[in-house]
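**Q** Here it is: the structure, laid out below.
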Amino acid sequence: MYTSKMNLLLAVTCLLGSVLAQTKLKVMPLGDSITEITCWRSIVWDNLTAAGLADKIQFVGSSTTNTQNCKASTATWDHHHEGHSGFLAIDIANKYLTGWLASAKPDVVMFMLGTNDVNGRHSTTDIMAAYTKMVQEMRAINPAMKIIVDLVIPLPSSNAGITAINNAIPDWIKTTTTAASPIVMADCNTGFPSTDLRDGVHPNLAGDAIIASRLTPVLISVIKSALNITTA
Ligand SMILES: *[C@@H]1O[C@H](CO)[C@@H](O)[C@H](O)[C@H]1NC(C)=O
Ligand SMILES: *[C@@H]1O[C@H](CO)[C@@H](O)[C@H](O)[C@H]1NC(C)=O
């Protein structure tokens, strides 16, 4: 008798918990090592907390690695992400993304990709085709997917390829964005000095701060629009 009441209470609490969890907007940080083994995700989370939005969203993805032992100021930092060190946009588009999306079911995907493709001498055309395929896969899972595409940070050893992708992205967005599934850009490249790379590829803490400072306002705007939040 007592136990069954407690079980009922537990069941109701769990149900309520899962309903509340389901109402959170799911944001997937997608990328390569610049997403996985860096600290900008924790800074963005702090920024969302400061904006009063952290409790309305969750980061999603199959990984929770925190290689650099980054510390957000809030214990609630959601470590989930879909950053995979060494991965190419081309391979993510052709082999992995549909499965990741099916598991995580994001409402928003934000990605920086192309560095490993450029490093592997893939053409800008092939990289942008991979971007297009990724967007098709996102919309197949969620026709209302909101997408944020980052301009890629510098790669001093091969910067011409990075510049070519970044130059292609604005026009690619114009032809690929739709009202139902808008694509917006976060400029993580302009004014990013190569001295803010710790190893010639990955951002140091100053570089992480640049990425977060460019991404945060765009993400906040996307979150507010998705949640119909009109207050400043
Ligand atoms: C984001 O957080 C960092 C670290 O706390 C802070 O320096 C920066 O000003 C914040 N940016 C925004 C847009 O809140
Ligand atoms: C936001 O508003 C639109 C249009 O009124 C509505 O279709 C949608 O369900 C709302 N979304 C949320 C999260 O309230």
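**Q** Heavy atoms only, probe 1.4 Å: what % of the accessible area of the range 25-226 goes to carbon and sulfur, would you let me know?
**A** With neighbouring chains kept in place, the figure for the range 25-226 is 56 percent.
**Q** Still on this model: If the range 74-121 were replaced by its equivalent ellipsoid, with semi-axes equal to the square roots of 5 times the Cα gyration tensor eigenvalues, what would those be, largest first, whole Å?
**A** 23, 15, 8
**Q** Express in nm, to one decimal, how much length is gained between Gln136 and Ala179 on full extension, taking 0.36 nm for each residue of separation and deducting their alpha carbon distance.
**A** Full-extension gain reported as 14.0 nm.
**Q** So for the range 128-232, Kirkwood radius off the Cα pairs, Stokes-Einstein at 10 °C and 1.306 mPa s: how many µm² s⁻¹?
**A** In µm²/s, the coefficient is 106.
**Q** When Lys and Arg each count +1 and Asp and Glu each count -1, what net charge do the other residues less than 15 Å away from Cys188, Cβ to Cβ, add up to? Don't skip to the answer; put the middle values down first.
**A** Values: positive: Arg41, Arg214; negative: Asp32, Asp150, Asp187, Asp196, Asp208.
Surrounding charge for Cys188 is -3.
**Q** Tally Lys/Arg at +1 and Asp/Glu at -1 over every other residue whose Cβ is under 14 Å from the Cβ of Thr124; what's the total?
**A** -2
**Q** Right, here's the next one. What share of all Cα pairs of the range 110-154, in percent, falls into each consecutive 10 Å distance bin?
**A** Bin by bin from 0 Å, the calculated values are 26, 51, 22, 2.
**Q** Computed over the Cα atoms of the range 25-226, what is the convex hull's projected area averaged over all directions, in nm²?
**A** On the way: hull surface 39.3 nm².
Reported value for the Cα convex hull: 9.8 nm².
**Q** Over the chain, average the accessible area per residue using a 1.4 Å probe and give it in Å², no decimals. Spell out each step's value before the answer.
**A** On the way: 10780 Å² over 232 residues.
With the other protein chains kept in place, the chain gives 46 Å² per residue.
**Q** Do you know the relative contact order of the chain, to the nearest whole percent, from alpha carbon pairs under 8 angstrom that are 6+ apart?
**A** Normalised by residue count, the contact order of the chain is 21 percent.
**Q** Further question: Lysine pairs, Cα distance under 22 Å, 8 or more residues apart or cross-chain: how many in the range 55-140? Provide the component values of the computation, followed by the final result.
**A** Values: Lys56/Lys71; Lys56/Lys105; Lys95/Lys105; Lys95/Lys133; Lys105/Lys133.
For the range 55-140, qualifying lysine pairs total 5.
**Q** Right, something else. Using a simple charge model, +1 on the beta-carbon of Lys and Arg, -1 on the beta-carbon of Asp and Glu, nothing else, what dipole does the range 25-226 show about its Cα centre, in debye to the nearest 20? Let's see the in-between values first.
**A** On the way: 14 positive and 17 negative charges, 81 e Å.
Using only the charged Cβ atoms, the result is roughly 380 debye.
The values are calculated or read from the model by the stated rules, or taken from the named source; none is laboratory data. The structure displayed is predicted, hence computed values, not measured ones. Heads up, the Cβs are rebuilt from the backbone with ideal geometry, glycines too, and the neighbour counts pull from every protein chain shown. Remember, those area values only see protein heavy atoms, side chains included, never the ligands or the DNA or RNA. Shrake-Rupley method; radii C 1.70, N 1.55, O 1.52, S 1.80 Å.
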